[in-house]
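K.L.:
One structure, pasted below without further comment.
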Amino acid sequence: MNIKTVKEGLLQTGLKNVVYFPQLHSTNKYAKENNLQSDNLVITSNQYEGRGRFDRIWESIENNNLTFTIVKNFQIEKKDLFVVNFYVSYIVMKAIKEIFPDYMHRYFSLKWPNDMMIKGKKFAGILSEVQNINSAEKKFIIGVGINVNQKEFSDAIIHKATSLRLETGIIFELEDLLCRIVKEFYSNFNILSRKKELLDIWKSNSFLMDKEVRFRKTLDNTEISGKVLDITEDGGIKIESVEEFNTKKITVYYTGEISFIY
């Protein structure tokens, strides 16, 4: 990672500081432990303790992928915290679609709540953490992991993980892609105040609507089968399941995982 190129490319974005490590346990963890303030960017070429949702390990080969954290303050109500996750998904999607508009239009999709997919395989994810949750201005620690040039994955995830290189055959310049994403992040804040528009864009790029899925509930770790009806205005996923005696039940979930899509 040529950090000089990155810093020069992001001079006019609004970032106050770029912190780079050749290797680091976790960019989110570093941002929290060092109490980094808004408009800091933490990058590493080798994140060896990265975590996703449910504390899963994020596999990443050194110098192949993008693993970074943006710290940013937003004035957002508690009920709208989910908007930031949707915003970052939108930003990553926007940056990559500008490189491959036709290909990504056909094969890219968003998976609730924070995954990005190509041809049904995950290549990117977001882990957002919020501090000062009771304040008007909340601090978001936004971790992003993108499989960019990685060609091999462990047996445990090879059937469900991919990378931009595997899908397009192109070796990407990590610095260029990172700068594109961060510039988009700082250039589109106005859509955060247009929640319905952002939600509509997100839903139009999701492959989940009307799909039959298995859904793992966070609270008790049980699974249900059902059909995805909608993503609600407050960021939940609305699922119709079949109960005893063939009765249908509609439930909105705010945490959990879609584990299988029929």
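Just so you know, all these numbers are worked out from the coordinates, no wet-lab data involved. Note that the structure is a prediction, hence the values are computed from the model and not measured. Please note: Cβ atoms are built from the backbone with ideal geometry, for glycine as well, and neighbour counts cover all protein chains shown.
K.L.:
Which of (1) 1.51; (2) 1.00; (3) 0.95 is the computed Cα Rg over 2.2 N^0.38 Å for the structure on display?
P.N.:
(2)
K.L.:
Which order results if 215, 245 are arranged by neighbouring Cβ count within 10 Å, fewest first?
P.N.:
Ascending Cβ contact count within 10 Å gives the list 245, 215.
K.L.:
Right, something else. What 222 nm value per residue comes from the helices of the chain, counting each DSSP H run with n ≥ 4 as -39,500 (n - 2.57) and dividing by all residues, nearest 500 deg cm²/dmol?
P.N.:
So the helix-based figure for the chain works out to -7000 deg cm²/dmol.
K.L.:
Something else now. Net charge near residue 107, counting Lys/Arg +1 and Asp/Glu -1 over other residues with Cβ under 12 Å of its Cβ?
P.N.:
+2
K.L.:
Please arrange 202, 112 by counting, for each residue, the other beta carbons lying within 10 Å of its beta carbon, fewest first.
P.N.:
Ranked by crowding around the Cβ, least crowded first: 202, 112.
K.L.:
To the nearest 20 Debye, how big is the dipole of region 3-204 about its Cα centre, given +1 on the beta carbon of each Lys and Arg and -1 on that of each Asp and Glu?
P.N.:
So the magnitude is around 540 debye.
K.L.:
Additional query: Please give the contour-minus-distance gain from residue 220 to residue 136: 0.36 nm per residue of separation, less the Cα-Cα distance, rounded to one decimal in nm.
P.N.:
27.0 nm
K.L.:
Which of 107, 254 comes first, and how do the rest follow, when ranked by fewest Cβ neighbours within 10 Å?
P.N.:
Ordered by Cβ neighbours within 10 Å, fewest first: 254, 107.
K.L.:
Past 24 Å, Cα to Cα: identify those pairs from 111/249; 121/195; 111/160; 151/227; 122/227; 97/121, in the order given.
P.N.:
Table pairs above 24 Å Cα-Cα are 121/195; 151/227.
K.L.:
Return a whole-number percent for the relative contact order of the chain, with Cα pairs under 8 Å and 6 or more residues apart as the contact set.
P.N.:
Normalised by residue count, the contact order of the chain is 16 percent.
K.L.:
Counting Lys +1, Arg +1, Asp -1, Glu -1, what net charge surrounds residue 159 among other residues with beta carbon under 14 Å of its beta carbon?
P.N.:
Charge balance in the 14 Å sphere: +1.
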